[in-house]
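Student: Can you read through this structure? Questions will come right after.
The values are calculated or read from the model by the stated rules, or taken from the named source; none is laboratory data. Given the structure is predicted, the values throughout are model-derived calculations rather than measurements. Ideal geometry is used to build each Cβ from the backbone, glycine not excepted, and the neighbour counts take in all protein chains shown.
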Amino acid sequence: MIKIGLLGLGTVGSGVYSILEKHKENLKSKVGTELRIEKILVKDIDKKRDIDFDKALLTNNVEDILENPEIDLIVELIGGEEPAYQYIVQALKNGKAVVTANKLLIARYGQEIMGLAAEKGVSVSFEASVAGGIPIIRPLRESFAANKIERIYGILNGTTNYILTKMTEEGQDFQLALKEAQKLGYAESDPSSDISGTDAAYKIAILSSLAYETAIDIKDVHIEGIENIEIEDIELAKELGYLIKLLAISKFTPDGIDIRVHPAFIPEYHPLASVNDVYNAIYLYGDSVGDVMLYGQGAGQMPTASAVVADIIQASKEIYYGSPDINGHIYKNDHKVKDISQVHNSFYLRLQVKDKPGVLARIAEVLGRNQVSLASVIQKHRYAPVVPIVLVTHQVKEENLQKSIAEFKNLDEVIAINNIIRVEEL
Ligand SMILES: NC(=O)c1ccc[n+]([C@@H]2O[C@H](COP(=O)([O-])OP(=O)(O)OC[C@H]3O[C@@H](n4cnc5c(N)ncnc54)[C@H](OP(=O)(O)O)[C@@H]3O)[C@@H](O)[C@H]2O)c1
């Protein structure tokens, strides 16, 4: 029998408990022995809960789990940095295997946690930390192990994907789409981590660390959110044959890892363009397997619990058969992240300019001097003193584009720079 200590009985914890109860017999035959929840840590023992369970299992004293020598495996579903970090470290030091859904902890302390696990000869698994119900951690560690992963594109945040879908399909503005996402429970009352791109950045950092076997510091990930996307940008993207998605991007290049999260134009015919609402997807390229796309629910109680239970099954098998998977748990390389200023992209620029002769020539002159060449120009004639103009560049080095933008700010003819969005041809 494998005895499990569950830390947290909230949204995901309750889902995990239900699956372990509902599929008890099936899981027993899959693992070869019974999986039993021995104790459950919560903050408030008297809280009313939606599931039926044995209340005698509850404790608010973590030592009942971490110092119980009979417990083989802890499942951390508290979330956040502390006390989850301390609990995981103490569990590993006490020789217990760990399963967690905590992206923040793995992104910030993955290297250290995996190192400690390897030292203690136990496993640490975190399938649910990225893209909820979509299997991607184990595929990266095992199924794609024969590959050199060259690039990963992800739609890794359901809240922002829902908002952009509503803006694209129903013409809702950002604030309205956000309110609707909150009403439906897709966005939290404080949605800043989702909207700002931070949540997706943790996830692409974890995927990149595994893919390139290098610890990625979250501070090195260039992050932009979707808060400045306006309906005009969505409409112009469509006119040019693109959709706007919050894209998490990671590319292995000879001069460093290009890793970033930002809104991007993507071609309307690309499979990622059809990933809508709260769905997530990961599109990667490996040198043997070629292009692969994984699609599914990136959050929610049962999809996330499904990933956690998959980890519990695997970790339990390893404990039961005495063969913990500790190989490949430490990042072996020390690849550097490329500074965003050195990355090449094409860009969409939406400007407001004075409607007078020679304006385009002035803009083209600034761009030309900074080695930025144009792929297309859209000028909407409105017979007004100020008119919108849209430029799409060819591939340029980011620092050259930024130099041009700095010069635009000093041009009398340029009234406003409304938006700058990178174009990813994928
Ligand atoms: N929800 C999702 O869709 C989703 C998707 C992917 C990953 N995740 C990850 O899964 C993890 C859990 O998320 P969740 O949505 O299930 O969170 P949640 O609903 O807020 O549940 C947190 C649980 O932890 C307990 N807890 C919190 N602080 C504690 C403390 N100091 N000591 C003891 N117990 C404590 C709470 O106890 P009480 O019940 O007594 O308050 C609660 O049972 C997080 O890392 C999250 O990022 C969630």
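Student: Take the residues of segment 60-79 that are more than 8 Å from the ligand (Cβ to nearest atom), part of a loop (DSSP other than H, G, I, E, B) and touching a residue at least 60 places away in the same chain (Cβ under 8 Å): which is nearest to residue 308 (Cα to Cα)?
Tutor: 72
Student: Hey, any hits in segment 162-176 for a residue that's touching an Asp or Glu at 6+ places or on another chain (Cβ under 6 Å), in a loop (DSSP other than H, G, I, E, B), more than 16 Å from the ligand (Cβ to nearest atom) and more than 19 Å from residue 193 (Cα to Cα)?
Tutor: The answer is no, given that none of the residues of segment 162-176 is touching an Asp or Glu at 6+ places or on another chain (Cβ under 6 Å), in a loop (DSSP other than H, G, I, E, B), more than 16 Å from the ligand (Cβ to nearest atom) and more than 19 Å from residue 193 (Cα to Cα).
Student: Yes or no: residue 132 in a loop (DSSP other than H, G, I, E, B), within 22 Å of residue 14 (Cβ to Cβ), in contact with a helix residue (DSSP H, G or I) (Cβ under 6 Å, 6 or more places away or on another chain) and of a type outside the set (Lys, Arg)?
Tutor: Considered against the rule, which asks whether it is in a loop (DSSP other than H, G, I, E, B), within 22 Å of residue 14 (Cβ to Cβ), in contact with a helix residue (DSSP H, G or I) (Cβ under 6 Å, 6 or more places away or on another chain) and of a type outside the set (Lys, Arg), residue 132 comes out as yes.
Student: Those residues that are touching a Ser or Thr at 6+ places or on another chain (Cβ under 8 Å) and within 13 Å of residue 88 (Cα to Cα), I need them from segment 113-128; list them, please.
Tutor: Within segment 113-128, 117, 124, 125, 126 qualify.
Student: Say we look at segment 312-342 and pick out the residues that are small (Gly, Ala, Ser) and surrounded by fewer than 16 Cβ atoms within 10 Å (Cβ to Cβ); which of these is nearest to the ligand (Cβ to nearest atom)?
Tutor: 328
Student: Identify all residues within segment 135-161 that are closer than 13 Å to residue 280 by Cα and either assigned to a helix (DSSP H, G or I) or not aliphatic (A, V, I, L, M) (or both); write none if there are none.
Tutor: 135, 153, 154, 157, 158, 159, 160, 161 - these are the residues of segment 135-161 that are closer than 13 Å to residue 280 by Cα and either assigned to a helix (DSSP H, G or I) or not aliphatic (A, V, I, L, M) (or both).
Student: Just give me the residues in segment 293-311 being buried (at least 17 other Cβ atoms within 10 Å of the Cβ) and either outside any helix (DSSP H, G or I) or more than 16 Å from the ligand (Cβ to nearest atom) (or both), in sequence order.
Tutor: Hits for segment 293-311 are 295, 296, 297, 298, 299, 300.
Student: Moving to a separate point now. Taking residue 66 and the conditions (1) surrounded by 14 or more Cβ atoms within 10 Å (Cβ to Cβ); (2) modelled with pLDDT under 95, which numbered condition does it fall short on, given that it satisfies the others?
Tutor: Of everything listed in (1) surrounded by 14 or more Cβ atoms within 10 Å (Cβ to Cβ); (2) modelled with pLDDT under 95, residue 66 misses just condition (2).
Student: Looking at segment 150-161, is at least one residue farther than 17 Å from residue 263 by Cα and surrounded by fewer than 24 Cβ atoms within 10 Å (Cβ to Cβ)?
Tutor: There is at least one residue in segment 150-161 that is farther than 17 Å from residue 263 by Cα and surrounded by fewer than 24 Cβ atoms within 10 Å (Cβ to Cβ).
Student: Condition check: assigned to a strand (DSSP E or B), surrounded by 13 or more Cβ atoms within 10 Å (Cβ to Cβ) and without any contact (Cβ under 8 Å) to a residue 40 or more places away in the chain. Does residue 392 satisfy that?
Tutor: No; evaluated as a whole, the condition is false for this residue.
Student: Can you tell me which residue among 403, 397 is of a type in the set (Lys, Arg) and under 30 Å from residue 155 (Cβ atoms)?
Tutor: Just a single option satisfies the conditions, and that option is 397.
Student: Just checking, how many residues over segment 380-394 are out of contact with any Asp or Glu (no Cβ under 9 Å at 6 or more places or on another chain) and not charged (D, E, K, R)?
Tutor: 5
Student: I need the full set of residues from segment 231-262 which are outside any strand (DSSP E or B), in contact (Cβ under 8 Å) with a residue 12 or more places away in the chain and more than 17 Å from residue 171 (Cβ to Cβ), in order please.
Tutor: Once the filter is applied, which keeps residues that are outside any strand (DSSP E or B), in contact (Cβ under 8 Å) with a residue 12 or more places away in the chain and more than 17 Å from residue 171 (Cβ to Cβ), segment 231-262 yields 240, 241, 255.
Student: Okay, next question. Residues that are within 16 Å of the ligand (Cβ to nearest atom), assigned to a loop (DSSP other than H, G, I, E, B) and farther than 23 Å from residue 318 by Cβ: does segment 85-92 have at least one?
Tutor: no
Student: Same structure, new question: The conditions are (1) away from the ligand (no atom under 15 Å from the Cβ); (2) more than 28 Å from residue 226 (Cα to Cα), and residue 151 fails exactly one of them. Which is it?
Tutor: That leaves (2) as the condition not met.
Student: Here's another thing I want to ask about it. Kindly provide the set of residues from segment 1-59 that are within 16 Å of the ligand (Cβ to nearest atom), closer than 12 Å to residue 309 by Cβ and either part of a helix (DSSP H, G or I) or of a type in the set (Gly, Ala, Ser) (or both), ordered by number.
Tutor: Hits for segment 1-59 are 12, 13, 15, 16, 17, 18, 19, 20.
Student: Among the residues of segment 157-197, which ones are touching a residue at least 40 places away in the same chain (Cβ under 8 Å) and in contact with a Pro (Cβ under 7 Å, 6 or more places away or on another chain)?
Tutor: Residue satisfying the conditions is 159 alone.
Student: Which members of segment 263-292 meet the condition of being over 17 Å from the mean Cα position of the chain (by Cα), in a loop (DSSP other than H, G, I, E, B) and not β-branched (Val, Ile, Thr)?
Tutor: Passing the criteria: 268, 269, 270, 287, 288.
Student: Looking at (1) buried (at least 18 other Cβ atoms within 10 Å of the Cβ); (2) outside any helix (DSSP H, G or I); (3) within 12 Å of the ligand (Cβ to nearest atom), which one does residue 82 not meet, given that it meets all the others?
Tutor: Result: residue 82 fails condition (1) only.
Student: Scanning segment 94-144 for residues that are buried (at least 18 other Cβ atoms within 10 Å of the Cβ) and among the polar types (S, T, N, Q), which turns out farthest from the ligand (Cβ to nearest atom)?
Tutor: Only one residue tops the list, namely 123.
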